[in-house]
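Everything below concerns the one structure shown next.
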Amino acid sequence: MKIEQIYTGCLAQGAYYIESNREVAIIDPLRETQPYLDKANADGAKIKYILETHFHADFVSGHIDLAKESGGSIVFGPTAKTNFEAIIAKDGERFKLGQIEIEVLHTPGHTMESSCFLVYDEAGKPHAIFTGDTLFIGDVGRPDLAVKNDMSQEDLAGYLYESLKHKILPLPDSVIVYPGHGAGSACGKNMSKETWDLLGNQKKMNYALNPNLSKEAFIQEVTKGLIPPPAYFLKNVAMNKMGYTSVHEVLDRGVKPLSAEAFEFLAEEEGALILDIRDPKVFAKGFIPNSINIGINGNFAPWVGALIPDIEQKILLVGESEDKIQEAVIRLARVGYDFSIGYLSGGFEAWVNAGKETDSIISITPEEAYRHLKKNPEALLLDVRKKNEYDSERVEFATNAPLDFVNESMLMTPKDKEVLVHCAGGYRSMIYISILQARGYRNLINIQGGFGAIKQSNQFPLTDYVCPTTLL
């Protein structure tokens, strides 16, 4: 038996490859199918099952395309209803894979169809459990993503408590836990950076597996502090349940070179959004007016999902190479943004050479920022990190305006005053400024290196408690 975790850092997502006697099961595959096919071919094996722990909200799974291309059968747990051919397994049903077996454990709570897959080794001993979003390392899945009119997040949390108590806790301590996500995913609150662990250790360390925790206390804990999920989550669920366009068609449409004139025409006539995926430092020096910068080398797809509300928005891409464009189209497709319609051939340089209008963003060092604020007491210092980052440590006169809630944060950003913007390292501040500048804001200045550089400069007074937002 071979088990391989295929971890994708930008989504904090774990897919799994299980092989026994030249038969393969893939658990929760990403949209692009070729890596799984290549692994099976390298092993001289055939994909028999594509196992889905639930209808994912934070990414579009590759189950439909992979089933068509491999001949494998899609398997969901009890209560799942799909718009495509799939095996809807019974609770406790086992599937033979080579010399091992995989048991379906129905574990409702994160969603009602959520299920775990328990692998028995060649000797019939429980070896590993693939928990999807039911159980993470150090946490559990949030219970508010599948709320319906007749069911609250508290109801789902109650189901999750019973699932953990009756399906997970009784398993041997030696069982390896392979979750669907790690730290950074929006599907939980406080996940560990570790991507697997022994169940026995989780029984000691994970609050949700404390056998003395009451149901009421569990419900209170898992529902505390939940922020609304991004709008694209519900749309991803629908795509995973109802079906979607083949990723190959999405790639063909998105990786299409366009001249500067054709690019400009589509932006103006089709209402396409210009998404510049270059490094923030490069973007600041020059870009197409009204472009939004979300760098490909950061948490690209989750930020697109959080900040572009319409999943069917037509998107034009600006990047440094066709390889980067192709990567961007794939990563957009992973979260359901299937309507990339082309990219600027030759990149931003081609736009300049065509004599087109350009824009830029002022970017200064923390030392320059401090001197600037001293000379301009009316200027505002804006911290666009998450609230928990801001609460932990910040410049004492900074105002928190999280990028996550850009429409609300924009209301705290005056148009008639200079606003200096920082995040943790410079990635998010450039996104924030590019969005606002596209909406007519012209007095925004980026602080290079973000809070990390600000702290290192030893120029600004720092605090970890709420202070007035005036410069002393």
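Data overview
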{"read-out": "Phe55 being out of contact with any strand residue (DSSP E or B) (no Cβ under 6 Å at 6 or more places or on another chain) and over 16 Å from Thr245 (Cα atoms)", "value": "yes"}
{"read-out": "Conditions (1) modelled with pLDDT under 95; (2) part of a loop (DSSP other than H, G, I, E, B); (3) touching a helix residue (DSSP H, G or I) at 6+ places or on another chain (Cβ under 9 Å); number of the one not met by Tyr337", "value": "(1)"}
{"read-out": "Any hit, the range 191-213, residues being in a loop (DSSP other than H, G, I, E, B), buried (at least 19 other Cβ atoms within 10 Å of the Cβ) and basic (Lys, Arg)", "value": "no"}
{"read-out": "Any hit, the range 116-138, residues being assigned to a loop (DSSP other than H, G, I, E, B), more than 28 Å from Lys2 (Cβ to Cβ) and either in contact with a Leu (Cβ under 8 Å, 6 or more places away or on another chain) or among the small types (Gly, Ala, Ser) (or both)", "value": "no"}
{"read-out": "Residue in the range 18-29 that is of a type in the set (A, V, I, L, M, F, W, C), at pLDDT below 95 and under 21 Å from Cys187 (Cβ atoms) present", "value": "no"}
{"read-out": "Test result for Glu270, over 24 Å from Asn299 (Cβ atoms), in contact (Cβ under 8 Å) with a residue 12 or more places away in the chain and crowded, with 19+ Cβ neighbours inside 10 Å", "value": "no"}
{"read-out": "Filter result for Phe233 (farther than 30 Å from Asn83 by Cα, open to solvent by less than 50 Å² (accessible area, probe 1.4 Å) and assigned to a helix (DSSP H, G or I))", "value": "no"}
{"read-out": "Unmet criterion (only one of (1) crowded, with 16+ Cβ neighbours inside 10 Å; (2) among the hydrophobic types (A, V, I, L, M, F, W, C); (3) out of contact with any strand residue (DSSP E or B) (no Cβ under 9 Å at 6 or more places or on another chain)) for Ile308", "value": "(3)"}
{"read-out": "Subset of the range 93-124 [open to solvent by 50 Å² or more (accessible area, probe 1.4 Å) and of a type in the set (Asp, Glu)]", "value": "Glu93, Glu101, Glu122"}
{"read-out": "Evaluation of Glu69 against (1) of a type outside the set (Lys, Arg); (2) touching a strand residue (DSSP E or B) at 6+ places or on another chain (Cβ under 7 Å); (3) open to solvent by 20 Å² or more (accessible area, probe 1.4 Å); (4) outside any loop (DSSP other than H, G, I, E, B) (one fails), failing number", "value": "(2)"}
{"read-out": "Qualifying positions in the range 125-160 - open to solvent by 30 Å² or more (accessible area, probe 1.4 Å) and among the aromatic types (Phe, Trp, Tyr)", "value": "Tyr159"}
{"read-out": "Hits in the range 403-423 (condition: over 19 Å from Glu368 (Cβ atoms), open to solvent by 20 Å² or more (accessible area, probe 1.4 Å) and not in a helix (DSSP H, G or I))", "value": "Leu411, Met412, Pro414, Lys415, Asp416"}
{"read-out": "Failed item in (1) within 20 Å of Thr33 (Cα to Cα); (2) of a type outside the set (Asp, Glu); (3) in a helix (DSSP H, G or I), with Trp303 passing the rest", "value": "(1)"}
{"read-out": "Residue within the range 348-361 that is open to solvent by 40 Å² or more (accessible area, probe 1.4 Å), within 30 Å of Pro35 (Cα to Cα) and at pLDDT 95 or above present", "value": "no"}
{"read-out": "Selected residue (criterion: nearest to Phe397 (Cα to Cα)) from residues of the range 362-386 that are open to solvent by 60 Å² or more (accessible area, probe 1.4 Å) and basic (Lys, Arg)", "value": "Lys374"}
{"read-out": "Any hit, the range 293-300, residues being outside any loop (DSSP other than H, G, I, E, B), under 19 Å from the mean Cα position of the chain (by Cα), aromatic (Phe, Trp, Tyr) and within 28 Å of Ile447 (Cα to Cα)", "value": "yes"}
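The values are calculated or read from the model by the stated rules, or taken from the named source; none is laboratory data. On a predicted model such as this, the values are computed, not experimentally measured, just so you know. All Cβ positions, even for glycine, are placed from backbone atoms using ideal geometry, and neighbour counts span all protein chains on display. Heads up: the accessible areas ignore ligands, DNA and RNA and are worked out on the full protein's heavy atoms, side chains in. Shrake-Rupley method; radii C 1.70, N 1.55, O 1.52, S 1.80 Å.
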